[in-house]
Amino acid sequence: MRHLTFERTDGEPVAFVPGQFIQFHFQYADGTPTKRSYSIATRSDDPSAGGRVEIAVSYVSGGAATERLAHLAVGETIDASGPYGRFCLQDGDHNGRYLLVATGTGVTPYRAMLPSLAQAIGERGCEVALVYGARNEAELLYGEEFEAFARDVPGFSFHPCFSRVPRTPPRPGDRNGRVQVALADLAPDPARDIAYLCGNPDMVDESFALLQHAGLAVRQIRREKYVSSR
Ligand SMILES: Cc1cc2nc3c(=O)[nH]c(=O)nc-3n(C[C@H](O)[C@H](O)[C@H](O)COP(=O)(O)OP(=O)(O)OC[C@H]3O[C@@H](n4cnc5c(N)ncnc54)[C@H](O)[C@@H]3O)c2cc1C
């Protein structure tokens with residue numbers, strides 16, 4: 001995975017709502033134009049971010065966009081458009097708990113949402129549980145930040161799930177296995193939960209089915225599937 005930071009060539013800040021994504025535009029080797037989407041990871045409470053766009057890219061062997069992004073040099077430019085998307089927190093929600101579920105780079109929109117989540121916890125007294133699946137500790141993207149946030153913000157809990165290799169030594173709250181199991185253990189409750197699911201499409205579909213089985217309505221489940229957009 002790579003964490004990349006971009007700024008507009010005209011120096012203007014990039015306005016976005018946490019949860020949105022941008023698209024990069026480039027060409028295949030034969031000159032055919034194409035584009036790919038990447039969630040914005042920038043935290044608005046980070047003064048050093050300064051209106052820049054931060055993204056995390058999971059490397060796909062032979063993938064057109066990730067090959068291009070993996071070989072971008074510092075200072076090089078790439079065409080982009082956006083922001084797009086509605087995988088965002090909504091003003092009218094009065095739920096008692098957010099269940100945020102992600103695998104891999106699917107956790108990036110939640111990093112961008114952290115300041116808004118802290119505000120919701122402070123103003124509405126709601127809880128937030130972040131369930132995050134990675135294969136091993138090395139792939140736990142922004143893990144230290146989420147752990148620090150959980151320490152600082154009562155009401156926010158972080159549940160890292162290691163699907164291949166457990167963390168050694170394990171930390172309190174670590175889970176081994178798939179995010180779906182940890183999600184079920186949180187006892188999803190239609191009376192108080194709104195869920196966000198982001199990342200691997202199979203994980204999103206399976207978690208969606210699990211939440212529906214627990215009684216959540218479709219409007220209580222928001223999804224962002226990281227499908228290839230050719
Ligand atoms: C709304 C949205 C937001 C997204 N946000 C992010 C993000 O924040 N970070 C991120 O890394 N990606 C994100 N993606 C996925 C991203 O847009 C690309 O699809 C991904 O980077 C692969 O593009 P590529 O051009 O490198 O691979 P492609 O050239 O499109 O694919 C090459 C081959 O790899 C396969 N493949 C594609 N993706 C994967 C994968 N993940 N695992 C295994 N095989 C794969 C394809 O089926 C194909 O056979 C997002 C997608 C959407 C729709």
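The values are calculated or read from the model by the stated rules, or taken from the named source; none is laboratory data. Remember, predicted model here, so these are calculated numbers, not experimental data. Note: ideal-geometry Cβ built from the backbone for every residue, glycine included; neighbour counts use all protein chains shown.
Descriptive notes on the structure:
- Some residue of segment 41-56 being of a type in the set (V, I, T), near the ligand (Cβ under 7 Å from one of its atoms) and more than 26 Å from D91 (Cβ to Cβ): no
- Residue in segment 154-173 that is at pLDDT 95 or above, touching a helix residue (DSSP H, G or I) at 6+ places or on another chain (Cβ under 7 Å), among the small types (G, A, S) and assigned to a strand (DSSP E or B) present: yes
- Residues (surrounded by 15 or more Cβ atoms within 10 Å (Cβ to Cβ) and either of a type in the set (D, E) or in contact with a His (Cβ under 7 Å, 6 or more places away or on another chain) (or both)) located in segment 146-173: E147
- Residues being aliphatic (A, V, I, L, M), surrounded by 13 or more Cβ atoms within 10 Å (Cβ to Cβ) and either in contact with a Ser or Thr (Cβ under 8 Å, 6 or more places away or on another chain) or not in a strand (DSSP E or B) (or both) - total across segment 180-219: 13
- The condition (being touching a Phe, Trp or Tyr at 6+ places or on another chain (Cβ under 9 Å), over 26 Å from R171 (Cβ atoms) and outside the structural domain of F21 (by TED's automatic domain parsing)) is satisfied by just one residue among L130, L89: L89.
Every residue, every condition in (1) over 29 Å from P190 (Cα atoms); (2) over 20 Å from the mean Cα position of the chain (by Cα), yes or no:
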residue: V53; (1), (2): yes, no
residue: G62; (1), (2): yes, yes
residue: A65; (1), (2): yes, no
residue: G75; (1), (2): yes, yes
residue: A80; (1), (2): yes, no
residue: P83; (1), (2): yes, no
residue: D91; (1), (2): no, no
residue: V101; (1), (2): no, no
residue: V107; (1), (2): no, no
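- Only one entry in A120, A102, A112 is in the same structural domain as E145 (by TED's automatic domain parsing), aliphatic (A, V, I, L, M) and more than 16 Å from the ligand (Cβ to nearest atom), namely A120.
- Residue in segment 127-136 that is modelled with pLDDT of 95 or more, of a type in the set (D, E), part of a strand (DSSP E or B) and closer than 20 Å to L183 by Cα present: yes
- Scope segment 126-162; condition among the acidic types (D, E) and more than 16 Å from L186 (Cβ to Cβ); matching residues: E137, E139, E144, E145, E147, D152
- Test result for E76, out of contact with any Leu (no Cβ under 9 Å at 6 or more places or on another chain), acidic (D, E) and part of a loop (DSSP other than H, G, I, E, B): yes
- Picking from residues in segment 60-84 that are more than 8 Å from the ligand (Cβ to nearest atom) and more than 16 Å from S37 (Cβ to Cβ), the one that is surrounded by the most Cβ atoms within 10 Å (Cβ to Cβ) is L72.
- Unmet requirement for A195, which otherwise passes all of (1) at pLDDT 95 or above; (2) farther than 18 Å from T105 by Cα; (3) in contact with a helix residue (DSSP H, G or I) (Cβ under 6 Å, 6 or more places away or on another chain): (2)
- Residue among G50, G31, G19 that alone is touching a helix residue (DSSP H, G or I) at 6+ places or on another chain (Cβ under 6 Å) and outside any strand (DSSP E or B): G19
- Segment 220-230, residues that are away from the ligand (no atom under 16 Å from the Cβ) and either over 14 Å from L100 (Cβ atoms) or surrounded by fewer than 12 Cβ atoms within 10 Å (Cβ to Cβ) (or both): none
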